[in-house]
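Down below is the structure, laid out as structure tokens.
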Amino acid sequence: MGKMINCKSFTEIQIFLKNIHTVKITFYGAARKVTGSKHMITTEHGENILLDCGLFQGEGPEGDQLNRHFGFEPSTVDYVILSHAHIDHTGLLPKLVRDGFSGPIYANSSTIDLCRLMLADSAHIQEMDLERINRRRAEKNKELLEPLYTIEDVKAVMQLMVQVRNESEFTVGQDTKVLLTANAHILGSVAINLTLFKQGKPVRITFTGDIGRPNDKILSGPDAFPQADYIVCESTYGERLHPTADDGAAKMLQLVKHTCLENHGKIIIPAFSVDRTQEIIYMLDRLIGDGHLPPIPTFVDSPLSVEATHIMNRHRDEFNHDIVQYMHKDGDPFGFPGLQYITKVEDSKKINDFKGGCIIISASGMAEAGRVKHHIANNIEDSRNTILLVGYATPMSLAGKLKDGETTVRIFGEEHNVLAQIESMPYFSAHADWKEMLNYLSCQIKDRVKEVFLVHGSDSSLGEWKGHLLDAGYKKVTIAEPKMVIEL
């Protein structure tokens, strides 16, 4: 006869089993899309850990609805961990707090500094855009829209920030271990490595965040990360290879000579304020310092970019060896004769009256907001000028439409003929290409990786990147779908 179970012990077992939750991951953003990063990890204790809380960008009318509805109740989130400060990874934090989240938000010091700057800028842009949209809605007797959040909500977010250090393990909740490892995408960017426990056994999950490039001109890394059982991997450039750094410098030299020196035209560069703007300035600094170019009047016309450059300088510990060595010789890698940092609106407007060749670097990178839209509108119908696109742009964004070769574009409600030269320099991308991503993942023993989940990519890049991973020997690769729930 089998051994009888004590009733009290059996009841305790039932209670124990009832309190064990499934360890799972749910994809609420950047699934089949390039922006809106949000991935929810649920522990066996029922704790919800949100990795990133990003804004959907460049999605047209659909984006507003996606940004207004999380797909989950914010008050059910216990913790947030940030991979980096880009708005498509952090831009809905103020709404999350506004709608009920009150837990800690973990990030390193660089990301916290950048979030303070970029979230405030995001709130300001929304107020400006919504004012224009509501004027049109009022004319059509439509209901006025409320902002996603305000600057007061941004201040509430900053009160919840908890500073942590890269490569120093910390505990979230009851027993989830977290390690941040630098990945060289932008200042402060990291992969998030989690060790959860399921009935006493470890479950290791890595979210790569946005993977940076080896030999980045400014940042060190990307660094190897611990062995994972499951990897949530970005896919932005899963279908392409980037040109080399020398190609980028050579093309920049050719464009500046042709547009600014020969045609006496303007080069308009929509650039992300963090990392991309500084990398362009650094490249121009070296071209001028090495005598390849005369000092070219260059305007960095973005208060956000100006302050981001100050933040970059405050975190030089993340710089790589080459730029540190250059700084010993040059002093300031983000300053050269003819370079002006513009913050005031009246000084920005004066650039329109500038005669002769010059370079204008302004946010945003997708040309969806900010002063760069004004510069494009004022210069797009002059064939002497060049609009230089230096980063990823969603197809619905203004930069995406220009990259796709549209001959007319609508800016601030008016149609403009595209007569300026449109050029693209993918070298400047802060996202690794597929070979660089494979190299980043090479620190893993493939047979120990149970599954790779692909996020943050278009359908074409997701499909091709999946093929490259399978060819490389990863056993199971899954393209994440919106609101897909995976039990681990």
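The values are calculated or read from the model by the stated rules, or taken from the named source; none is laboratory data. In this text the structure is predicted, and so the values were computed from the model without any measurement. Quick reminder, even Gly has a Cβ in these numbers, built from the backbone with ideal geometry, and neighbours come from all protein chains shown.
A few points about this structure:
- Of the criteria (1) in a loop (DSSP other than H, G, I, E, B); (2) of a type in the set (D, E, K, R); (3) surrounded by 16 or more Cβ atoms within 10 Å (Cβ to Cβ), which one ARG204 fails: (1)
- Every listed requirement among (1) over 27 Å from GLY212 (Cα atoms); (2) in contact (Cβ under 8 Å) with a residue 40 or more places away in the chain is met by GLU279 save one, (1).
- Applying the condition of being at pLDDT 95 or above and part of a loop (DSSP other than H, G, I, E, B) to region 442-461 and asking which residue is farthest from VAL203 (Cα to Cα) yields GLY457.
- Strands (runs of 3 or more DSSP E) fully within region 351-441 counting 1 or more residues that are over 21 Å from GLY338 (Cβ atoms): 386-389, 408-411, 414-417, 421-424
- Condition check for ARG213 on (1) in contact with a helix residue (DSSP H, G or I) (Cβ under 9 Å, 6 or more places away or on another chain); (2) more than 30 Å from GLY238 (Cα to Cα); (3) assigned to a loop (DSSP other than H, G, I, E, B): one failure, at (2).
- Residue within region 376-387 that is farther than 26 Å from ALA249 by Cβ, modelled with pLDDT of 95 or more, in the same structural domain as LEU304 (by TED's automatic domain parsing) and under 26 Å from the mean Cα position of the chain (by Cα) present: yes
- Positions within region 283-306 being closer than 16 Å to LEU187 by Cα and buried (at least 20 other Cβ atoms within 10 Å of the Cβ), in sequence order: LEU304, SER305
- In region 107-121, residue farthest from the chain's Cα centre (by Cα) [restricted to those that are hydroxyl-bearing (Ser, Thr, Tyr) and surrounded by 24 or more Cβ atoms within 10 Å (Cβ to Cβ)]: SER110
- Unmet requirement for THR181, which otherwise passes all of (1) in contact (Cβ under 8 Å) with a residue 12 or more places away in the chain; (2) out of contact with any Gly (no Cβ under 6 Å at 6 or more places or on another chain); (3) in a loop (DSSP other than H, G, I, E, B): (3)
- The residues listed here are GLU423, GLU436; of these, the one that is on the phi < 0 side of the Ramachandran plot and assigned by TED's automatic domain parsing to the domain that holds GLN278 is GLU423.
- Screening the candidates GLY173, GLY100 for the property of being on the phi > 0 side of the Ramachandran plot and touching a residue at least 40 places away in the same chain (Cβ under 8 Å) yields one hit, GLY173.
- Single residue of THR236, THR259 found to be buried (at least 24 other Cβ atoms within 10 Å of the Cβ), within 30 Å of ASN378 (Cα to Cα) and hydroxyl-bearing (Ser, Thr, Tyr): THR259
- In region 222-232, the condition of being within 26 Å of GLY467 (Cα to Cα), surrounded by fewer than 19 Cβ atoms within 10 Å (Cβ to Cβ), charged (D, E, K, R) and modelled with pLDDT of 95 or more is met by at least one residue.
- Listed conditions (1) free of Cβ contacts under 8 Å to residues at least 24 places away in the same chain; (2) within 30 Å of TYR326 (Cα to Cα) are all met by THR195, apart from (2).
- Region 320-352, residues that are in contact with a strand residue (DSSP E or B) (Cβ under 7 Å, 6 or more places away or on another chain) and either among the hydrophobic types (A, V, I, L, M, F, W, C) or outside the structural domain of ILE281 (by TED's automatic domain parsing) (or both): LEU339, ILE342, ILE351
- Scanning region 396-412 for residues that are of a type outside the set (D, E, K, R) and either without any contact (Cβ under 8 Å) to a residue 12 or more places away in the chain or assigned by TED's automatic domain parsing to the domain that holds ARG132 (or both) turns up THR407, THR408.
- Qualifying residue in region 269-290 (condition: in contact with a helix residue (DSSP H, G or I) (Cβ under 6 Å, 6 or more places away or on another chain), among the hydrophobic types (A, V, I, L, M, F, W, C) and in the same structural domain as ALA30 (by TED's automatic domain parsing)): no
- Odd one out for SER397, checked against (1) modelled with pLDDT of 95 or more; (2) more than 30 Å from LYS24 (Cβ to Cβ): (1)
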